[in-house]
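What follows draws every value from the coordinates through simple rules; no lab data is involved. Keep in mind that this is a model prediction, so the values were computed, not measured. Here the Cβ positions follow ideal geometry from the backbone for every residue, glycine too, while neighbour counts run over all protein chains shown.
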């Protein structure tokens, strides 16, 4: 499906509230949340910030910030600024996946389905994120062989036009090859999609695709207040 244009930096960074947060007075929590939101607002012209709640969906995370910028320093500066708030000492940064966008080696576009192409990132109810690593054997195969298998893999995904995929590349930047982020409104439909993708020939060359995170789109103020 439609991808973010090449040349963007992506960071999927997850946080969990520490036990110290829950013992703070309500007024102190409110001030800390307001300060955190103010820092985020300072960067909205430079960084696209998409917040998601994982409260109750994974025991080791509470929320995700999906950050996107033309250049990595803007993301770095945002995270440095957030470290100065009164909330951050009460947060653990449990997972973080860094990647960049670029054109696919296998296809120029994932679909010509008009409904899918007009979908905008960050608009679906849920985001399903995971790091992805291919086996070294995959990269030793001839390119035409890889393209053949990926074409079948992509055709399986086209059966689910309501689900958008955002694939970004992590080679040399982080511990995975790719970060894969699917967007959709129905988790049951996503499960069916993943089951069918498991049956494609290309999936034989998957080395790792965990941990998998289910994230619910929410306003950041709502997420921080819910903590």
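Could you tell me how many degrees, from 0 to 90 and to the nearest 10, lie between the Cα long axis of helix 187-198 and the main elongation axis, the longest principal axis, of the Cα atoms of the chain? The angle comes out at about 40 degrees.
Each residue, residue 105 and residue 145, gets one label point 7 Å from its Cα in the Cβ direction; the gap between the two is 1.3 nm.
Note on residue 207 and residue 96: the extension gain reaches 38.0 nm, defined as 0.36 nm multiplied by sequence separation minus the Cα-Cα distance.
Hey, what's the Cα Rg ratio for the range 9-100 versus the globular rule of thumb, 2.2 N^0.38 Å?
1.08
Overall, the ratio between the Cα radius of gyration of the chain and 2.2 N^0.38 Å, rounded to two decimals, is 1.07. When each of 139, 205, 97 is scored by the number of other beta-carbon atoms lying within 10 Å, the sequence from fewest to most is 139, 205, 97. Distance between the pseudo-spin-label points of residue 189 and residue 70 (7 Å out from Cα toward the beta carbon): 3.4 nm.
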